[in-house]
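The values are calculated or read from the model by the stated rules, or taken from the named source; none is laboratory data. The structure displayed is predicted, hence computed values, not measured ones. As a convention, Cβ positions derive from the backbone with ideal geometry for all residues, glycine included, and neighbour counts pool all protein chains shown. All accessible areas refer to the heavy atoms of the entire protein, side chains included, with ligands and DNA or RNA removed. Shrake-Rupley method; radii C 1.70, N 1.55, O 1.52, S 1.80 Å.
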Amino acid sequence: MRQFKTESKKLLDLMINSIYTNKEIFLRELISNASDAVDKLNFKSLTDDSMHVEQGDLAIRIAFDRDARTITISDNGIGMTADELERNLGTIAHSGSEEFKTENAESQGDAIDIIGQFGVGFYSAFMVAKRVRVVSRAFGADEANVWESDGLEGYTIEPGERADHGTDVILTLRDDVAGENGEEGENYSRYLSEWALKDLVKRYSNYVRYPIQMMVTKSRQKPKPEDAGDDYQPEYEDYQELETVNSMTPIWKKRREDVEDADYHEFYKATFHDFEDPARTISFHAEGALEYDALLFIPGRAPFDLYSKDYEKGLALYSSNVMIMEKCADLVPDYYNFVRGVVDSADVSLNISRETLQQNRQLRAIARRIEKRITSDLEDMRDNDREAYEKFFESFGRGLKYGIYASYGAKAGELADLLLFWSAKEQKMVTLAEYVKAMPEDQKAIYYAAGDDRERLAKMPVVTGVLARGYDVLLLTQDVDEFTFQSMREYVAKDCPKVYEDEAAREAAAKAVADGAEPELEDRHLELKNVATGDLDLASEDEKKEAEEATREHSDLFDAMKEALGGNVQKVAVSARLGENDTPAVITTEGPLSLEMEKVLKRGPEGDVEGMPTAQRVLELNGKSPVFGKLVAAQEAGDADKVKLYTGLLYDQALLVEGILPEDPVAFAKNVCELM
Ligand code: ADP
Ligand code: MG
């Protein structure tokens, strides 16, 4: 017996026990080698006129024998001499394929698309096999040789028999291991079935370019005998047929213009288990330092589990038509987790595990490019097929917003322009850019209101107040919305007509344009402002002064009201934001937390717990409302009970407008009835 080299032994152990996390890939590795062997024969025949290779005969075959516990992978490729068996299979991490590529690189350049390159794939067979026997006859040789090993110490090479050139790799599977002490067992016998082998071929090797054939058992009806009577029951019999299991042509390698949309859609539905056509298909070929093909799909609707913990994002990663990973998560950012597809690069190595992939620089470069492509495709859909985009956004918009929020606003540059919000003025979904474009020249911020019901928001006095001033208000109805806006703080609108602060500058600019100059443009930084929080800075100087004076004048009343409300509000004041609105009072907030955000947090996983941050509420009164007059009168009459009653009612009804139930609904109802 010939011994494996010491390094080889160590490597073999490493191989079998840790490089591959997944035992079933052994079949993929052996098929890849078979495909390489056929490729090499093919390649040689192209450069050597004396060789005659019948293209139609080139194939890979898989067979199994349940009793002998063997799986055989055969090819009619280039085969190996005894020397080559020694060199390629006796030394781990020696790749005959890599050598072949280098040797032939000059004559063919990059045209050789061979999978192998590391010289370890073959040994993955030992993950499932206790013995591996390789019978090989090199092309042009008269004799065959047999390499055999148990994958532990060494191997033997002896003369053998094979009718024609090519290789058979015969695995004798390990014995099954029963699970014990909570440890999972190993069921190697499961590979000994037509179904299991077909499934593995389809999963990992579906696009290998040579037919992968298997004898399969089929059933057919026996011919009806001549003398069959009226009560004849059809009889069936099993028969064997050679079937090609793989589909061979990878659709992502074809050029876009050569593929019908319908074919892309079929591929998408079959591969990613969707019933609906995808909304978009993106296909591109990247050249340069890193070459790869990408075929991406934006689904037509969200999978049911998209927003659950179990959902796994990722693209299928292939290397030269062979699947390496079903869902490579590093290829798409979280906010594009809905994108499905395939990336195939000969430059990414087959023998890669999850851990090494993560640090793979090439992979990161691919991921960056893919992200850009998805973004630009979504932009294109937004601009040119708005209806489809709105449907897309309904399904996946939440994820995009969450992407901004989760990055603390860092991803706003990439994602903000993909967002849509309901415009109270336009009565439709608009982008932030569209909102800014429609703004009157004197508008200085983007206004929004947040709550769960659009209709209710549209009627809120703080919203109608801003609308009445001629400014649009975005109505945000998803819980993530306001958190997204807060993480962005501002929206940068690109290339807006410049706003001139003083009259002279404006006139000078207008004159320049009249003389033929291009109008000046600027990026405008617009604050995102909740119409129900803080100072909106919309009131005129007069309105502000009036409100301040009234607040000061009635400070006794407001102190009493604040006391009546306990710790619920931090301030009671006359409002400067209501304009001509006739609502008697509104609740606004100061500080970073709005009422809506408070609501969302209370609903969240932490729940309504002690010590949770709360919105700092302000009860703003409408100085022009008759109710205000009544309050003042009660205070002046020294009727403290009445002041208290009215205050409670005003506060509760203002909360109701915000969609928040009064703390004590029964008392509220009782008080209302009393007044009636
Ligand atoms: P790699 O495929 O990365 O080169 P492997 O460990 O899978 O490494 O295989 C080692 C070498 O053994 C291959 O490079 C090839 O030269 C040779 N080999 C393996 N399987 C076959 C086969 N079916 N026919 C011909 N040569 C083979
Ligand atoms: Mg290989």
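Is it true that some residue in the range 208-220 is within 18 Å of R28 (Cβ to Cβ), assigned to a loop (DSSP other than H, G, I, E, B) and aromatic (F, W, Y)? Within the range 208-220, one or more residues are within 18 Å of R28 (Cβ to Cβ), assigned to a loop (DSSP other than H, G, I, E, B) and aromatic (F, W, Y).
As a summary of the residue check, N337 satisfies the conditions (1) over 20 Å from H265 (Cα atoms); (2) under 9 Å from the mean Cα position of the chain (by Cα); (3) open to solvent by 30 Å² or more (accessible area, probe 1.4 Å) except for the one numbered (1). For the range 167-187, the criterion of being farther than 26 Å from S320 by Cβ, loosely packed, with under 12 Cβ neighbours inside 10 Å and touching a residue at least 24 places away in the same chain (Cβ under 8 Å) is satisfied by at least one residue.
Got at least one residue in the range 151-160 being within 41 Å of the chain's Cα centre (by Cα), buried (at least 18 other Cβ atoms within 10 Å of the Cβ) and either in a strand (DSSP E or B) or free of Cβ contacts under 8 Å to residues at least 60 places away in the same chain (or both)? No, the conditions are met nowhere in the range 151-160. Here D556 fulfils each of the conditions (1) part of a loop (DSSP other than H, G, I, E, B); (2) farther than 21 Å from V462 by Cβ; (3) not small (G, A, S) apart from (1). Looking only at the range 161-183, residues that are of a type in the set (D, E), within 16 Å of ligand 1 (Cβ to nearest atom) and part of a strand (DSSP E or B) come to 1 in all.
Among the residues of the range 481-489, is there at least one that is modelled with pLDDT under 90, part of a helix (DSSP H, G or I), of a type in the set (G, A, S) and more than 25 Å from A654 (Cβ to Cβ)? No.
Between residues in the range 235-260 that are in contact (Cβ under 8 Å) with a residue 12 or more places away in the chain and residues that are among the acidic types (D, E) and assigned to a strand (DSSP E or B), which pairs lie under 9 Å by C-beta distance while being six or more apart or on different chains? Close Cβ pairs satisfying both conditions: P250/D293; P250/D344; W252/D293; W252/D344; K253/D293; K253/D344.
Any idea which residue in the range 557-591 is least open to solvent (accessible area, probe 1.4 Å), counting only those that are in contact with a helix residue (DSSP H, G or I) (Cβ under 7 Å, 6 or more places away or on another chain) and more than 20 Å from L649 (Cβ to Cβ)? Residue satisfying both the conditions and the ranking: T589. The residue that is nearest to V135 (Cα to Cα), among those in the range 21-42 that are open to solvent by 20 Å² or more (accessible area, probe 1.4 Å) and away from ligand 1 (no atom under 11 Å from the Cβ), is N42.
Of the numbered criteria (1) assigned to a loop (DSSP other than H, G, I, E, B); (2) surrounded by 10 or more Cβ atoms within 10 Å (Cβ to Cβ); (3) in contact (Cβ under 8 Å) with a residue 12 or more places away in the chain, the one Y232 fails is (3). Restricting the search to the range 457-476, which residues are open to solvent by less than 30 Å² (accessible area, probe 1.4 Å), in a helix (DSSP H, G or I) and closer than 18 Å to A438 by Cα? V463, V466, listed by residue number.
Tell me the residue from S45, S18, S32, S50 that is small (G, A, S) and at pLDDT below 75, please. On inspection, the qualifying residue turns out to be S18. Taking every residue in the range 87-102 that is among the β-branched types (V, I, T) and pairing it with any residue that is within 7 Å of ligand 1 (Cβ to nearest atom), at least 6 positions away or on another chain, the pairs with Cβ-Cβ distances below 9 Å are T91/G119; I92/G119; I92/V120; I92/F122; I92/Y123. Of all residues in the range 391-435, those being in a helix (DSSP H, G or I) and open to solvent by 70 Å² or more (accessible area, probe 1.4 Å) number 7. Collect the residues in the range 513-542 that are aliphatic (A, V, I, L, M), more than 20 Å from D472 (Cβ to Cβ) and either open to solvent by 50 Å² or more (accessible area, probe 1.4 Å) or in a strand (DSSP E or B) (or both), keeping them in residue-number order. Result: V513, A514, L521. Does E355 count as within 15 Å of L419 (Cα to Cα) and either open to solvent by 80 Å² or more (accessible area, probe 1.4 Å) or at pLDDT below 95 (or both)? So E355 fails the test. A count restricted to the range 73-99 and to residues that are more than 39 Å from the chain's Cα centre (by Cα), of a type in the set (A, V, I, L, M, F, W, C) and either more than 7 Å from ligand 1 (Cβ to nearest atom) or part of a helix (DSSP H, G or I) (or both) stands at 3.
Criterion applied to I71, I92, I60 was being in contact with a strand residue (DSSP E or B) (Cβ under 9 Å, 6 or more places away or on another chain) and either away from ligand 2 (no atom under 16 Å from the Cβ) or modelled with pLDDT under 95 (or both), and the one residue passing it is I71. So is F122 assigned to a helix (DSSP H, G or I), open to solvent by less than 40 Å² (accessible area, probe 1.4 Å), at pLDDT 75 or above and more than 9 Å from ligand 1 (Cβ to nearest atom) or not? Taking the combined requirement at face value, the residue does not satisfy it. Looking only at the range 601-625, residues that are surrounded by fewer than 19 Cβ atoms within 10 Å (Cβ to Cβ) and either under 32 Å from the mean Cα position of the chain (by Cα) or part of a loop (DSSP other than H, G, I, E, B) (or both) come to 15 in all.
Taking the listed residues K444, K372, K425, K391, the one that is touching an Asp or Glu at 6+ places or on another chain (Cβ under 8 Å) and at pLDDT 95 or above is K425, with no other qualifying. Look at (1) more than 17 Å from E84 (Cβ to Cβ); (2) at pLDDT 95 or above and you find that W147 fails only one, number (1). Using the structure shown, decide if Y646 is open to solvent by less than 60 Å² (accessible area, probe 1.4 Å) and either of a type in the set (D, E, K, R) or over 52 Å from the mean Cα position of the chain (by Cα) (or both). It is true that Y646 is open to solvent by less than 60 Å² (accessible area, probe 1.4 Å) and either of a type in the set (D, E, K, R) or over 52 Å from the mean Cα position of the chain (by Cα) (or both). Could you say whether any residue in the range 97-116 is more than 19 Å from A163 (Cβ to Cβ), at pLDDT 80 or above and more than 16 Å from ligand 2 (Cβ to nearest atom)? No, the range 97-116 has no match at all.
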